[in-house]
Amino acid sequence: MELVFEKYHFNIKNNSINCIIGKGINLELLEYACKYVDSVKLIIHPIINNILYKTVKKELSYAFEQSNHRNPNKIIDSLKIVGLDNTYLNKKISDLSSSELYLIRLASILLINSKILILESPNIYLDYKHYLNFLKIIRTIKRRYNKTIIIFSNDSDFIHSIADYIFVINEKGILEQGNKYEIFTNEKLLKKCQISMPKIILFEKKVFNKIGINIGYRDNINDLIKDIYTYK
Amino acid sequence: MNIVEIKKLNYSYKDNIVFENLSLNIKKNRITTILGPNGCGKSTLFKLIVENYKHIKINTKKINYISTNPFEQIVGKTVKDQLMFYLKQNNIKESTIKRRIKKIIHEFRIKDIIDKDPYELDNEQKQIILILSNLLNYPELLILDDALCFVSTYNKYKIFKYLKRQKISIIHFSNNVEDSIFGNQIVIINKKVVLNKPLKAALKEEKLLLDNNLNLPFIIELSLKLKYYNLLEDIYLSIDEMVNKIWN
């Protein structure tokens with residue numbers, strides 16, 4: 001599918017996780033533009049609080065009414081998917097911490113059941129436990145519910161751990177696109193866009209520059225350790 | 001010397017006990033990172049310090065605060081206005097203002113956004129401008145409530161390098177243990193103070209970090225695992241040092 005916004009034309013594969021990194025897109029304008037597209041629902045970071053009701057139950061019931069679901073159990077299901085239990089239904093929005101608020105918004109977006117989810121910096125309020133859970137949620141809804149996910153973020157390490165495909169943008173348009181190895185090993189590009197290299201790739205690059213050993217690019221520390229052991 | 005002293009702080013919100021006998025001294029001229037699991041009361045502690053709540057003693061009058069939401073705090077019509085905001089409030093001489101702003105524009109290469117409306121900037125740029133405008137006021141204590149959450153590692157590195165050259169105490173509330181590597185001291189709170197140690201000693205407390213839903217920074221996780229396989233003897237905070245040590 002094609003997502004066109006101003007001078008940005010994103011060719012996005014269905015059922016994949018796409019990350020957009022770099023400066024140039026005004027997310028408030030993008031959200032406004034998406035309001036009129038049925039298949040898209042933009043979830044902005046919780047600092048722009050667009051929760052409408054005072055309790056979790058009312059907020060989620062509203063999302064349920066907007067959806068094509070019939071079975072009200074879907075409300076509790078949506079809480080379960082984001083790792084919260086049904087005791088949250090009786091909670092007041094004002095009593096929630098920022099991370100809980102974010103998960104409630106994610107639950108309501110899932111309830112609305114749009115094909116495409118757009119998330120902005122979704123990981124920043126989450127501690128490690130919730131972060132790992134969030135990665136699981138995103139992969140699950142991609143696989144099991146066939147969603148297409150678009151994430152705006154400046155966090156290279158986060159993008160490295162989740163992206164199927166990456167777009168690098170600036171004010172002029174899309175500068176580069178590719179998988180995470182193509183993007184994150186392109187030192188020239190990263191420097192030009194002031195993007196930091198994911199730490200695991202940085203380590204591998206430094207080993208190559210200092211010692212001249214090409215240990216290859218690994219996704220996680222355990223694989224990296226095996227390589228270090230082999231090449232030491 | 002301590003810049004902030006908290007003695008036996010008790011605080012409840014509705015039926016929930018947020019803090020129970022929390023005591024904490026924060027040393028002057030250091031970057032202290034305060035970490036804790038989601039919902040542990042980081043934002044509450046930030047608010048209580050801002051309000052100068054009882055049992056909290058702050059040993060300076062020159063304090064600036066930045067909360068996590070950049071939208072609430074930007075007041076300038078242009079980036080330049082924003083940078084001058086606190087200076088003008090404190091009746092600093094025009095020539096001094098000019099000199100300080102010129103320096104910071106050069107240091108952070110923000111010349112091309114200086115006349116823009118701050119609302120046109122993205123969240124990362126907004127947070128950077130907010131930090132700079134607060135720093136220009138030369139506070140003795142700067143308290144950040146996750147105020148760098150949109151900033152990339154690349155720019156965080158630049159900001160902290162700059163902060164370390166200033167004579168300033170920083171208290172940085174954060175979710176991400178990676179942020180603590182830029183600082184000197186780590187405090188973990190969860191109802192009370194669970195840990196208060198210098199950076200390297202704190203990062204060796206693997207179990208305590210994980211028990212409080214905190215991640216191990218990449219370089220620490222790698223160090224600990226290499227140590228386990230006898231490929232390293234200690235933990236390292238820089239990749240360069242570590243690579244040199246492994247392949248000495």
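Coordinate-derived values only; no laboratory data. Just so you know, these numbers come straight off a predicted model, no measurement behind them. Here Cβ is always computed from backbone atoms with ideal geometry, including for glycine, and neighbour counts include all displayed protein chains.
For (1) under 19 Å from A:I124 (Cβ atoms); (2) among the acidic types (D, E); (3) within 13 Å of another protein chain (Cβ to nearest Cβ); (4) assigned to a strand (DSSP E or B), each residue gets a yes or a no:
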| position | (1), (2), (3), (4) |
| --- | --- |
| B:I3 | no, no, no, yes |
| B:L9 | no, no, no, yes |
| B:E20 | no, yes, no, yes |
| B:S23 | no, no, no, yes |
| B:N38 | yes, no, yes, no |
| B:T68 | yes, no, yes, no |
| B:E72 | yes, yes, yes, no |
| B:V75 | no, no, no, no |
| B:F85 | no, no, no, no |
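The set of residues from the stretch A:72-105 being over 19 Å from B:S174 (Cα atoms), touching a Phe, Trp or Tyr at 6+ places or on another chain (Cβ under 8 Å) and in contact (Cβ under 8 Å) with a residue 12 or more places away in the chain comprises A:K74, A:I75, A:L79, A:I93, A:I104. Being in a helix (DSSP H, G or I), within 14 Å of chain B (Cβ to nearest Cβ) and among the charged types (D, E, K, R) is a condition met by no residue of the stretch A:137-156. Do we find a residue being of a type in the set (K, R) and within 23 Å of B:F218 (Cα to Cα) anywhere in the stretch A:165-177? No, there is no match, as no residue in the stretch A:165-177 is of a type in the set (K, R) and within 23 Å of B:F218 (Cα to Cα). The condition of being out of contact with any strand residue (DSSP E or B) (no Cβ under 8 Å at 6 or more places or on another chain), surrounded by 14 or more Cβ atoms within 10 Å (Cβ to Cβ) and charged (D, E, K, R) holds for only one of A:K232, A:K226, A:K199, that being A:K199. For the stretch A:98-120, filtered to residues that are among the hydroxyl-bearing types (S, T, Y) and away from chain B (no Cβ under 14 Å), the residue that is surrounded by the fewest Cβ atoms within 10 Å (Cβ to Cβ) is A:S114. Within the stretch B:112-137, the residues that satisfy the criterion of being within 14 Å of chain A (Cβ to nearest Cβ) and aliphatic (A, V, I, L, M) are B:I113, B:L121, B:I128, B:I129, B:L130.
Looking at B:S223, B:S169, just one residue is touching a residue at least 12 places away in the same chain (Cβ under 8 Å), among the polar types (S, T, N, Q), within 21 Å of A:I200 (Cβ to Cβ) and more than 8 Å from chain A (Cβ to nearest Cβ), and that residue is B:S223.
Would you pick out the residues in the stretch A:58-113 that are in a helix (DSSP H, G or I) and among the charged types (D, E, K, R)? Answer for the stretch A:58-113, where residues must be in a helix (DSSP H, G or I) and among the charged types (D, E, K, R): A:K58, A:E59, A:E65, A:K74, A:D77, A:K80, A:D95, A:E100, A:R105. One residue alone among A:N123, A:N186, A:N154 is of a type outside the set (A, V, I, L, M, F, W, C), surrounded by 16 or more Cβ atoms within 10 Å (Cβ to Cβ) and touching a Phe, Trp or Tyr at 6+ places or on another chain (Cβ under 6 Å), and that residue is A:N123. Residues in the stretch A:186-215 that are β-branched (V, I, T), closer than 15 Å to B:I246 by Cβ and part of a loop (DSSP other than H, G, I, E, B): 2 in all. Those residues that are within 8 Å of chain A (Cβ to nearest Cβ) and among the aliphatic types (A, V, I, L, M), I need them from the stretch B:138-153; list them, please. Passing the criteria: only B:V151. For the stretch A:102-109, the criterion of being under 26 Å from A:N68 (Cα atoms) and of a type in the set (V, I, T) is satisfied by at least one residue.
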